[in-house]
Amino acid sequence: MTKMMWSRSMLIGAGAIVALVVSAGCSSGNGGNEQAGQQAPGTPSATSAPAGQDHNQADAMFAQHMIPHHQQAIEMSDIVFGKQGIDPRVTDLAKQIKAAQGPEIEQMRSWLSQWGNPPMPAMTPGEGQDGHDMGDMSGMSGGMMGMMSGEDMTALKNAAGVEASRLFLTGMITHHQGAIDMAQNEINDGRFAPAIELSRTIVKTQQQEIDTMKGILATL
């Protein structure tokens, strides 16, 4: 009888040791996964976008508004290309503007597509996000963004020679100043790193072009 009780005690003790070993092995396995950088399902950082790759409403508004803004600058350049007697410096500048802004339009369109083509935010007619006059967006007319009005575009189309050069330059200076304002808003309020980088490029290059245009105007 004593021998049987001793055997049973040995079996129970052995079972306890096995349980302890299995438990320790499971604990060690979890720690190994953590050390290898594996994260448990549902961990927020496992599904979040890389830093600078998520976007906010400011990013969407920047792309939505800068696309038609760039399109008008290209239209103004095309008008100049079709005229005689335009100062060659003006023609060269128009080519430079079109070459830069065409690819930027495609870049911003790809971002909007990536973001699911968010709709334009609702605005009070003639007002921007901060209450500034945005003009008639449907007609691409002027306001805070520096857009040319329909009358301005018609005047540019009808002008010739030096007058056409002058109208192009004065209009494009205002246009560029509006683009710089929009880009600066994106730098201040945006979240999407590529859009912020593009905005910095716009601020730098278009300010340089403004300085060039003012220099040309002074000699016409």
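Can you tell me how much longer the chain between K95 and S113 gets when fully stretched, taken as 0.36 nm per residue apart minus their C-alpha distance, in nm with one decimal? Provide the component values of the computation, followed by the final result.
On the way: separation 18, 0.36 × 18 = 6.48 nm, distance 2.77 nm.
Here the answer is 3.7 nm.
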Quick one: grab Rg to one decimal and Dmax as a whole number for segment 147-193, Cα atoms only, in Å. 14.6, 44
What does the extension gain come out to for Q53 and Q184, with contour length at 0.36 nm per residue minus their alpha carbon separation? 45.3 nm
Once R0 is set to 35 Å, what does the formula 1/(1 + (r/R0)^6) return for the Cβ-Cβ distance between A193 and D78, expressed as a FRET efficiency to the nearest 0.05? 0.60
Label-point separation in nm, K157 to D211, each point 7 Å along Cα→Cβ: 3.6
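Each value in this text was obtained by applying a stated rule to the coordinates, not by laboratory testing. The structure presented is a predicted model; accordingly, all values stated were derived computationally and were not measured. Note that each Cβ is placed from the backbone with ideal geometry, even for glycine, and that neighbours are counted across all protein chains shown.
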